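Throughout, read-outs are computed from the coordinates displayed, never taken from laboratory work. Given the structure is predicted, the values throughout are model-derived calculations rather than measurements. Every residue, glycine as well, gets a Cβ built from its backbone with ideal geometry; the counts of neighbours run over all protein chains shown.
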Amino acid sequence: MTRMTRNPRHSGVFIAGTDTGIGKTIVSCALLRALCAAGLRATGMKPVASGCAMTPDGLRNDDALALIAASDSKPEYADCNPFAFAEPVSPHIAAAATPVTMAPIAAAFSRLAARADFVVVEGVGGWLAPLSDRLLANAIPHSLRLPAILVVGLKLGCLNHAQLTARAIRDDGCKLIGWIGNHIDPDMARPEENVATLRRLLPVPCLGILPFAATSDPHAQASRMSAAIEAIVSA
């Protein structure tokens, strides 16, 4: 892959999802590896994470740790994941004693962006997942002024979920630059026809389709991210 340069208008991209558990981390890590392979400094961020394990260093989330491992310059954990909660429930429930606010997220993003060409910011849950009583997940890309890529979990129901999420992203005034399909159901009926329908119905281009994999290797998946990298760099 030839070396690329970033568009100065953006220093990152937001990875949105049609739901929880549809592969946002897999896509984010693959994008990080691909950006690094293109000669760009790239670092990952998971602003809010539920379901964290207590370690000697404090609460740690597997998704955030995967992003750090895939990053070019390894970020401090607190910058990668400013809000970490132990209970694997919606953040607005898990964070009752420490409500999620945008100021610490914006400050952490600024520190990461100062050391990288691109920050890949992974969302939590779906586009409208509640982070607090007053904040939804869509506040993160809106406040950070990031373009979004939508990860579509390829399973029964994805046609509706993908269209609704794409519409919500655009209605919220955020720039949707493309979508990536991730095969999460190995038994999905007629997957090719579903992907073809998504290509026809969604208002932005498909930037890649990832095959089903019980365990994902971001190095292997990075080779499928060429179109996504082109879209990110030119956004």
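Quick one: compute the contact order of region 125-184, relative version, from alpha carbon pairs under 8 angstrom and 6+ residues apart, as a percent.
For region 125-184, the relative contact order is 38 percent.
Among residues other than L156 whose Cβ falls under 15 Å from its Cβ, what is the net charge (Lys/Arg +1, Asp/Glu -1)?
Computed value for this residue: -3.
Of the options T55, P91, L144, report the single residue whose Cα projects farthest towards the positive end of the charge dipole of the chain (beta-carbon charges: Lys, Arg +1; Asp, Glu -1).
L144
Can you list the HN-Hα couplings for region 178-188, worked out from phi with the Karplus curve (6.51, -1.76, 1.60; θ = phi - 60°), rounded to whole Hz and with x for Gly and Pro?
x, 9, 10, x, 10, 6, 9, 10, x, 9, 4
Return D185, D72 ranked ascending by Cβ neighbour count within 10 Å, so the fewest neighbours appear first.
D185, D72
Provide the net charge surrounding I22, with neighbours chosen by a C-beta distance below 13 Å and charges set as Lys +1, Arg +1, Asp -1, Glu -1.
With Lys, Arg at +1 and Asp, Glu at -1, the neighbours total -2.
Most exposed first by the Cβ proxy, i.e. fewest other Cβ within 10 Å, how do F109, F83, F14, F212 rank?
F212, F109, F83, F14
Using a cut-off of 23 Å between alpha-carbon atoms, which lysines can reach K74, once sequence neighbours fewer than 8 places away in the same chain are excluded?
Answer for K74, where 23 Å is the Cα cut-off: K24, K46, listed by chain and number.
Using 1/(1 + (r/R0)^6) with R0 = 22 angstrom and r between the beta carbons of A78 and D217, what's the FRET efficiency to the nearest 0.05?
0.20
Using square roots of five times the C-alpha gyration tensor eigenvalues, list the equivalent-ellipsoid semi-axes of the chain in whole Å, biggest first.
25, 21, 17
So how much slack lies between R115 and A53, counting 0.36 nm per residue of separation and subtracting their Cα-Cα distance, in nm?
Difference between extended and current length: 19.6 nm.
Work out from phi, with θ = phi - 60° and the Karplus expression 6.51 cos²θ - 1.76 cosθ + 1.60, the ³J(HN,Hα) of each residue of region 16-22, listed in order in whole Hz, and give x for Gly and Pro.
8, x, 6, 5, 7, x, 10
Please list, ordered by chain and number, the residues whose modelled amide H lies under 5 Å from the amide H of H183; skip anything fewer than 5 residues away on the same chain.
L154, L210, F212
Can you list the residues, at least 5 places off or on another chain, whose amide H is less than 5 Å from the amide H of G178, using H built in the peptide plane?
Amide H neighbours of G178: L150.
Given the peptides 114-126, 46-58, arrange them by the average over their residues of other C-beta atoms within 10 Å, most packed first.
The most tightly packed comes first, giving 114-126, 46-58.
What ranking of S234, S71, S132 emerges when the number of other C-beta atoms within 10 Å of each C-beta is taken as an exposure proxy, fewest first?
In order of increasing Cβ crowding within 10 Å: S234, S132, S71.
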